[in-house]
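The values are calculated or read from the model by the stated rules, or taken from the named source; none is laboratory data. From a predicted model like this one, the values you see are computed outputs, not experimental measurements. Ideal geometry is used to build each Cβ from the backbone, glycine not excepted, and the neighbour counts take in all protein chains shown.
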C-alpha cells in the first residue's frame, strides 16, 4: 500500500502539477512540458530542506518530467506506417484520474458537512393509533366454526376425563352425584354466560364433574346456540373456541 504524502501546500507531486497547470492556465491535454518542468524544479529546490522520505515521491516525478522533456526535445525517429505516440499521454491520464478523485473528495466533504446540519425526530405514534386493530367481521370469524370442530373438542375433553381415572380406585364402587337434566343445565350455562360474558368452551366442559354432565353441557351449548342466546367465536382455524353471551 502506498504511503500518502502531504506537504504544507501540496498533497503529492500530482497535486503540485495540477497547481502549476491551473496557475499557467494551460490545456491539460497539451502541457508545455518544458515550462512546467522548470517551474516544478523550482518548487523542488524550495523543498530541499524537507525530510527525504517525504521528498522521494516528488523527486520521482521530477525525473519523470525530465524524461518526458528530453523525449520531446529530441527528434523522433521517422516511421512511415506507425503513429507517433505523445510522451505526455501517460502523465495526462494520471493527472485526469487524480483530478477526478480530488473533486470527488471535495463533494464528499461537502456532503459530510451538510449531514451534520440535519437532525431527525424520533418517531412518536399516538396511543390510539398504535392500539388500532383492523375490525373483523363476525361472519368471517364464525365461518370457520363447524359442528365437526365442536365434536373434536368434545372428544378431546372426554379423553382427558378418561385419563384422569385411577386404574385401581376406579374399579371400586363410588357414590355419584345425581345427574342433572338438560333443562337444569340450560339454566346453569345461561347463568354462567351471564356472569362471564366471554369464556372458553373447553374450560366449561372441563369443569363438569362427570361424563354425563359433559354430555348434557355440550347439548345445552348447542341448544343455546340454536336459540341465539350465545354465539361461538373462533378467530383462526384449530384455535381455542370461545363462547360469548348475546341474549342472556
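Details
- Criterion violated by residue 141 - all others in (1) under 30 Å from residue 16 (Cβ atoms); (2) at pLDDT below 75; (3) part of a helix (DSSP H, G or I) satisfied: (1)
- When residue 194 is tested against (1) at pLDDT below 80; (2) within 27 Å of residue 245 (Cα to Cα), just one condition goes unmet, and that condition is (1).
- Cβ-Cβ under 9 Å pairs, at least 6 apart or on other chains, region 131-148 side closer than 19 Å to residue 239 by Cα and in the same structural domain as residue 225 (by TED's automatic domain parsing), far side assigned to a helix (DSSP H, G or I) and at pLDDT 80 or above: 147/222
- Test result for residue 100, part of a helix (DSSP H, G or I), at pLDDT below 80 and not assigned by TED's automatic domain parsing to the domain that holds residue 215: no
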